[in-house]
Structures are given as C-alpha cells and as structure tokens.
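Trainee: Below are the structure tokens for one structure; questions will follow.
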Amino acid sequence: GESVGLHLPTLSVQEGDNSIINCAYSNSASDYFIWYKQESGKGPQFIIDIRSNMDKRQGQRVTVLLNKTVKHLSLQIAATQPGDSAVYFCAEDRPLNGGSQGNLIFGKGTKLSVKP
Amino acid sequence: DVKVTQSSRYLVKRTGEKVFLECVQDMDHENMFWYRQDPGLGLRLIYFSYDVKMKEKGDIPEGYSVSREKKERFSLILESASTNQTSMYLCASSSMGLNWEFFGPGTRLTVL
C-alpha cells in the first residue's frame, strides 16, 4: 500500500549545526508535501510545505527539498537551536474522490535532539 | 490567535465505558479530522468530516463513531472503551483549498 516513511527514527545534532531530516514516500502521484514539528505534550505544528512542481522551498531557517525521481523529501534546519528539539513528521496529501483536498498521510516521525 | 481546542488533555476511563472526546475550532474551517497517535505507528486517521452532519471513515474507524452537528465542533465517540484504545487522540481542522491541517493539543486517553 501507499506509505510515507522516514529513514532514521532519531537524530542528534550539536547546537549551531545544520540538521537534515529525511523522508521517503511511495505514492508517485502525490503532489503536495508538508513538514510538521511536534514538541513534547503538544499537537503537530505546520512548518513548511511544497508542491510537486517545485524542488526546493525556503522558509525561516528551514528548507524543504523534493526529489521526485527517487521519491524523497528532506527538511533542512539551519543553525539548529535547543528549541528545535522535537519530533518532525513529513506528510503527503491524499486527495479523495478526485477532489482538490483530502487528508494527510503521515510518516512515523524523526526525533531531533539538540545538544548544547 | 486561531485555535483548535480539545475538551480534555488527560482522561482515564474504564473498559466498557462510553467516552466522548470533543474538539472545537474557531477558524470557520469546513474540514475536521480525528487521529490517534501511537509510538512507532505515527498518526492514523480515524474519521473525518467535510461538512456539518457529514462523516467519512478514515483508516482505522473500528470501535469509534463521530458526530458533527455544528461546523465548529467535531466529537469522537468510543461506544465501549477497550484497553487497546489507550492512545493520544489528536483533532485537526482545515479549510477548503488549504491542504495542511491545524492540530489541537491532543487528549491522552488511558483505558483501564
């Protein structure tokens, strides 16, 4: 079946370093992808999204890269800070009934730990 | 500040009890969703709704039902709680044309 998954369950980085969190997806027809951040005890928060007609999108300290050839998505966090410690999920949009919106299929998450 | 709120952060119930989890959003969103989150399994969709009084099954609807009588409120019902329904329950909402979802803080339900 279709799935969105992650290469690594945990990632530990030094404060100030750049972080790269990876995600593999299996549905080649997916056209929209999202990264969420979930801090302990909170619900997931939207970070950044990207459509399949793009291969890169930048936000504040974050960049999402999309490689459709190998069905791979990554989130890059520049100058990682202690406040970035969280679980990061990728998600793909699952259109329903041919409509323009659907619901999301989530990966299992990567836990990012930032060492001071 | 826009919000999705859930009625309880923590809930402890006994096997066989009927459990109601309430979710309210103040963003006038058409779409609302219920997920459960378990270690190693990520977020799994239980039910969703695209309109008042409308509901659709997600990936794991067994043992659950939902109600959406008003646009801003989406309730998840466990008709007879079982221990395997111990989990974190997350509510989310989104608007038409906006693919990503706003999430509530979650309800951690323990069924004894």
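Trainee: What strands (runs of 3 or more DSSP E) lie completely within the range A:8-116 and have 2 or more residues being over 26 Å from B:Asp38 (Cα atoms)?
Mentor: A:45-51, A:56-58, A:62-67
Trainee: Continuing with this model, one more query. Which of (1) among the β-branched types (Val, Ile, Thr); (2) modelled with pLDDT of 95 or more; (3) over 12 Å from A:Thr110 (Cβ atoms) is the odd one out, the single condition A:Ile77 does not satisfy?
Mentor: Tallying (1) among the β-branched types (Val, Ile, Thr); (2) modelled with pLDDT of 95 or more; (3) over 12 Å from A:Thr110 (Cβ atoms), A:Ile77 fails exactly one: (3).
Trainee: Among the residues of the range B:82-103, which ones are open to solvent by 40 Å² or more (accessible area, probe 1.4 Å) and either modelled with pLDDT of 95 or more or under 17 Å from A:Asp31 (Cα atoms) (or both)?
Mentor: Listed by number, the residues that qualify are B:Thr83, B:Asn84, B:Thr86, B:Met96, B:Gly97, B:Leu98, B:Trp100.
Trainee: Tell me, which strands (runs of 3 or more DSSP E) wholly within the range B:1-77 include 1 or more residues that are open to solvent by 20 Å² or more (accessible area, probe 1.4 Å) and more than 12 Å from every other protein chain (Cβ to nearest Cβ)?
Mentor: Those strands (runs of 3 or more DSSP E) span B:10-13, B:19-25, B:65-70.
Trainee: Give the number of residues within the range A:22-54 that are among the β-branched types (Val, Ile, Thr) and in contact with a His (Cβ under 9 Å, 6 or more places away or on another chain).
Mentor: Just the residues of the range A:22-54 that are among the β-branched types (Val, Ile, Thr), to begin with: A:34, A:47-48, A:50.
Filter once more, keeping what is in contact with a His (Cβ under 9 Å, 6 or more places away or on another chain): none.
Result for the range A:22-54: 0.
Trainee: Across the range B:95-112, what is the number of residues that are more than 15 Å from A:Gly41 (Cβ to Cβ) and within 7 Å of another protein chain (Cβ to nearest Cβ)?
Mentor: Total satisfying the criteria: 5.
Trainee: Kindly list the number of the only condition in (1) within 24 Å of A:Ser26 (Cα to Cα); (2) modelled with pLDDT of 95 or more that fails for A:Arg94.
Mentor: (2)
Trainee: Tell me, yes or no, whether the range A:47-60 has at least one residue that is more than 12 Å from chain B (Cβ to nearest Cβ) and within 30 Å of B:Tyr10 (Cα to Cα).
Mentor: Among the residues of the range A:47-60, not one is more than 12 Å from chain B (Cβ to nearest Cβ) and within 30 Å of B:Tyr10 (Cα to Cα), which makes the answer no.
The values are calculated or read from the model by the stated rules, or taken from the named source; none is laboratory data. Note that the structure is a prediction, hence the values are computed from the model and not measured. Note: ideal-geometry Cβ built from the backbone for every residue, glycine included; neighbour counts use all protein chains shown. Please note that ligands, DNA and RNA were not included when accessible areas were found on the heavy atoms of the full protein model with its side chains. Shrake-Rupley method; radii C 1.70, N 1.55, O 1.52, S 1.80 Å.
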